[in-house]
Amino acid sequence: MDKVQFLLLIAVALFALGLLGVIVRRNLLVMLMCMELMLNGVNLSLVTFAQQTGTAAGAVLVFLIFVVAAAEIAIAIPIVLVLVRRKRTLEADAFADLKG
Amino acid sequence: MIENLLQNLDTLLLIVFGISALVAAALMLVLRHPMQVAMALISTMVFLGGIYGLLGVHFIAAFQVLIYVSAVMVFMVYVIMLIDVRDPSFTRRFSTLLVPGVVGGILLLAVLAYALWHGLRAPAHTTVSFGLQQFSIAFLDEYWLHFELTSVLLVAAVVAALAVIKVTRKKHG
């Protein structure tokens, strides 16, 4: 196994762990953090590909993902705060009435 | 022996950082309190920053620590301290989707690993490390529009966050 494969395997595993966390955990904040973990996995794969090909496009995309992650947190945290104020709980099941 | 070790120090550190990042990420799934999960996520991000530094993209390593660890995760930790709700999600960690979720996660990992194993047959290029100069030229030459668009995105996010808080404040008086 060479370096690129090892790094990509870690990236893939981080992404799968993050997705697993979003599915199986019931705490809203933990689910948000698992989404961040997925973004981190994607970042690692982008950096690896950028290094492999020697182009800067992957690194630029990583920067844009940083900004997207910051914006995501900036909008997700107020939503979580509002939800918690309404139901007094962080449990995702409590918001099942959003299903419509 | 020592010289040999020093020559392979990069590879050794890469493996150590990678496995530590994976262990911290796996800990995120089993720890109970959100604060512990946040600490595990922070250590994953720091280890990933170490990997970026070892790969030679130091500016991405710096921004990983500056933006992710200090901005995003400090915000997250503040919110966890702010919301002091003792609720069942602290003691009962997993939702009812635990078994299908684990099966699906393992399947996803297997499919991606298989694709990786068989898709990367093309010989890896000699890893050309690009410096900050090349990155900056590409960033402001080719991708300036995307860069400007992210500022619009950030403004939209800030306005949306304010709107969310204002709407609820109006409703609750």
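The values are calculated or read from the model by the stated rules, or taken from the named source; none is laboratory data. Keep in mind that what you see is a predicted model, and the values were worked out from it rather than measured. Cβ sites come from the backbone with ideal geometry, for glycine too, and all protein chains shown count toward neighbours.
For the stretch B:1-26, a tally of residues being touching a residue at least 24 places away in the same chain (Cβ under 8 Å), hydrophobic (A, V, I, L, M, F, W, C) and surrounded by fewer than 21 Cβ atoms within 10 Å (Cβ to Cβ) returns 3.
Looking only at the stretch B:17-75, which residues are closer than 30 Å to B:Leu98 by Cβ and either not assigned by TED's automatic domain parsing to the domain that holds B:Val99 or not in a helix (DSSP H, G or I) (or both)? B:Leu31, B:Arg32, B:His33 - these are the residues of the stretch B:17-75 that are closer than 30 Å to B:Leu98 by Cβ and either not assigned by TED's automatic domain parsing to the domain that holds B:Val99 or not in a helix (DSSP H, G or I) (or both).
Looking across the stretch A:1-36, the residues that are of a type outside the set (A, V, I, L, M), assigned to a helix (DSSP H, G or I) and more than 15 Å from the chain's Cα centre (by Cα) come down to A:Lys3, A:Gln5, A:Phe6.
The rows are residues; the columns are (1) touching a residue at least 40 places away in the same chain (Cβ under 8 Å); (2) surrounded by fewer than 18 Cβ atoms within 10 Å (Cβ to Cβ).
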residue: B:Met28; (1), (2): no, no
residue: B:Pro34; (1), (2): yes, no
residue: B:Gly50; (1), (2): no, no
residue: B:Phe59; (1), (2): yes, yes
residue: B:Ala62; (1), (2): no, yes
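Each residue in the stretch B:59-99 was checked for being touching a Phe, Trp or Tyr at 6+ places or on another chain (Cβ under 8 Å) and over 23 Å from A:Leu90 (Cβ atoms), and 6 pass.
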